[in-house]
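Values in this text are rule-based calculations from the coordinates and carry no lab data. As the structure is a prediction and not an experimental result, all values here were calculated from the model. Ideal geometry is used to build each Cβ from the backbone, glycine not excepted, and the neighbour counts take in all protein chains shown.
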Amino acid sequence: MFLKHMFIILFSRFKEMKMNAIIKEVALYVFFVACLCIVSYSHRDPTSFAFRETMYNSFVAGVHGGKKNFLSVRSAGALSSGTVT
């Protein structure tokens, strides 16, 4: 009877220690993600959207003087021969 009661107490203490370790790990992870969000938000480049749009329009969409846009090319042969399929 005494051993059974002692085993139950030790088992519940072990579960409590595991629970505390998991809670600490989750809290540390949330703190890390919050710090990561703060740092990444504060180091944004205000011209990055305009740069990405210009590069997309120049190279992919062919807006600035391209004979055909990159999205209309279906094969490597069509890109080199100048025909769009």
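Things to note:
- Under-5 Å amide H pairs with A61, H placed in peptide plane, nonlocal only: F70
- Charge dipole (segment 1-53, unit charges on Cβ, about Cα centre) - positive-most of V26, F2, H43: F2
- The residues packed around F7, meaning those with a beta-carbon under 13 Å from its beta-carbon, carry a net charge of +3 if Lys and Arg are +1 and Asp and Glu are -1.
- Karplus-derived HN-Hα couplings along segment 44-56 (A = 6.51, B = -1.76, C = 1.60, θ = phi - 60°), whole Hz, x at Gly and Pro: 6, 9, x, 9, 5, 5, 5, 5, 5, 5, 5, 5, 5
- Cα gyration tensor category, rounded, prolate or oblate, for segment 1-43 with a/c compared to 1.5: prolate
- Integer Hz, Karplus 6.51/-1.76/1.60 couplings in order for segment 8-14, x for Gly and Pro: 5, 5, 5, 5, 5, 5, 5
- Other residues whose C-beta falls under 14 angstrom from the C-beta of D45 contribute a net charge of +1, scoring Lys and Arg +1 and Asp and Glu -1.
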